[in-house]
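The values are calculated or read from the model by the stated rules, or taken from the named source; none is laboratory data. Computed from a prediction, not measured in an experiment: that's the story for all the values here. Here Cβ is always computed from backbone atoms with ideal geometry, including for glycine, and neighbour counts include all displayed protein chains. For the accessible areas, the whole protein counts, side chains as well, though only heavy atoms, and no ligand, DNA or RNA atoms are used. Shrake-Rupley method; radii C 1.70, N 1.55, O 1.52, S 1.80 Å.
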Amino acid sequence: MSEGGPTATDGAERELRYRRILLKLSGEALLGTRQYGVDPEFCAFIASQVAHVSSLGVQMGIVVGGGNIFRGLAAAARGMDRATGDYIGMLATVMNALALQDALERAGVPTRVMSAIGMNEVAEPYIRRRAVRHLEKGRVVILAAGTGNPYFTTDTAAALRAVEIGAEVLLKATKVDGVYDADPLSHPDARRYDRLVFADLLRDRLQVMDATAVSLCMENDLPIIVFDLNRPDNIRRVATGEVVGTLITGGDPA
């Protein structure tokens, strides 16, 4: 694959529903079957999906959390200064971003890690115009270190970066196939939603993304799709317009 990225066929170009995507991965997604850290096999599984979508001509940004290594909010609950805990959590996201970059490049996908906290030896500084230029050149951009500020979640960072880079959709990868009115893992009779509006998330306090992230998406008319990351080919299916997971928009869900 050339540095300029893959060349999509005319047929694939016509089939695409979304041409620029922001994928939000939780740190826990990188655990795979492990209890702690990063599972290289699961990183490779994610990378293979991203490589396929990138080969169709989709421009992809990725925001990854750090919960598999450190959670600032949990540390604050145990007495650590909240800002300090959040900064440690941001550094954890950089570790995950580097692991994911390695997997993507092994899959033949040119990838750049851009960090909101300066660390020039391992990542580029996040500059919006530079990030967009990387995307235009067919490179996957992993956006690490959250927003660079404490008290903001990686969900909020994902919504912010998606708006900044002009993404057409925000994909929220989870362990289940959409949004439910209760945890489907502990409530077998939980109801799954095919479509929702942003106001539903805020009103019903559905545990999808935090209120700041939802508000950002709502104000900027950025749709969210919540889907199951563990099912192969789901990212491609979303990009080509297939109905996957739960679609959250500002319009009528009916």
For segment 144-165, give me the residue count where each residue is open to solvent by 10 Å² or more (accessible area, probe 1.4 Å) and closer than 18 Å to residue 134 by Cβ.
4
Per the filter on segment 70-92, residues surrounded by 14 or more Cβ atoms within 10 Å (Cβ to Cβ), in contact with a Pro (Cβ under 9 Å, 6 or more places away or on another chain) and more than 22 Å from residue 122 (Cα to Cα) are 72, 82
What helices (runs of 4 or more DSSP H) completely inside segment 34-113 contain at least 1 residues that are within 16 Å of residue 135 (Cβ to Cβ) and among the hydroxyl-bearing types (Ser, Thr, Tyr)?
40-55
Every residue in segment 155-193 that is touching a Lys or Arg at 6+ places or on another chain (Cβ under 7 Å), hydroxyl-bearing (Ser, Thr, Tyr) and in contact (Cβ under 8 Å) with a residue 60 or more places away in the chain, please.
none
Can you find, within segment 198-240, the residue that is most open to solvent (accessible area, probe 1.4 Å) among those that are at pLDDT 90 or above and of a type in the set (Gly, Ala, Ser)?
215
Give segment 65-84 a look and list any residue that's closer than 27 Å to residue 23 by Cα and not hydrophobic (A, V, I, L, M, F, W, C), or say none.
65, 66, 67, 68, 71, 72, 82, 84
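Taking segment 17-60, which residues are among the polar types (S, T, N, Q) and more than 14 Å from the chain's Cα centre (by Cα)?
Scanning segment 17-60 gives 33, 35, 48, 54, 55.
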Spot the failing condition for residue 53; the list is (1) open to solvent by less than 20 Å² (accessible area, probe 1.4 Å); (2) over 24 Å from residue 237 (Cβ atoms); (3) not polar (S, T, N, Q), and only one is missed.
(2)
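Look at residue 28 and say whether it is farther than 23 Å from residue 209 by Cβ, in contact (Cβ under 8 Å) with a residue 40 or more places away in the chain, open to solvent by 10 Å² or more (accessible area, probe 1.4 Å) and of a type outside the set (Phe, Trp, Tyr). Give the steps one after another, and end with the answer.
On the way: farther than 23 Å from residue 209 by Cβ: no; in contact (Cβ under 8 Å) with a residue 40 or more places away in the chain: yes; open to solvent by 10 Å² or more (accessible area, probe 1.4 Å): yes; of a type outside the set (Phe, Trp, Tyr): yes.
So residue 28 fails the test.
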Look through 106, 129 and report the one residue that is charged (D, E, K, R), open to solvent by 50 Å² or more (accessible area, probe 1.4 Å) and either closer than 18 Å to residue 52 by Cβ or modelled with pLDDT under 95 (or both).
106
For residue 168, only one of the following conditions fails: (1) open to solvent by 50 Å² or more (accessible area, probe 1.4 Å); (2) touching a Pro at 6+ places or on another chain (Cβ under 7 Å). What is its number?
(2)
Any residue in segment 210-224 that is under 26 Å from residue 33 (Cα atoms), in contact (Cβ under 8 Å) with a residue 40 or more places away in the chain, in a strand (DSSP E or B) and not basic (Lys, Arg)?
no
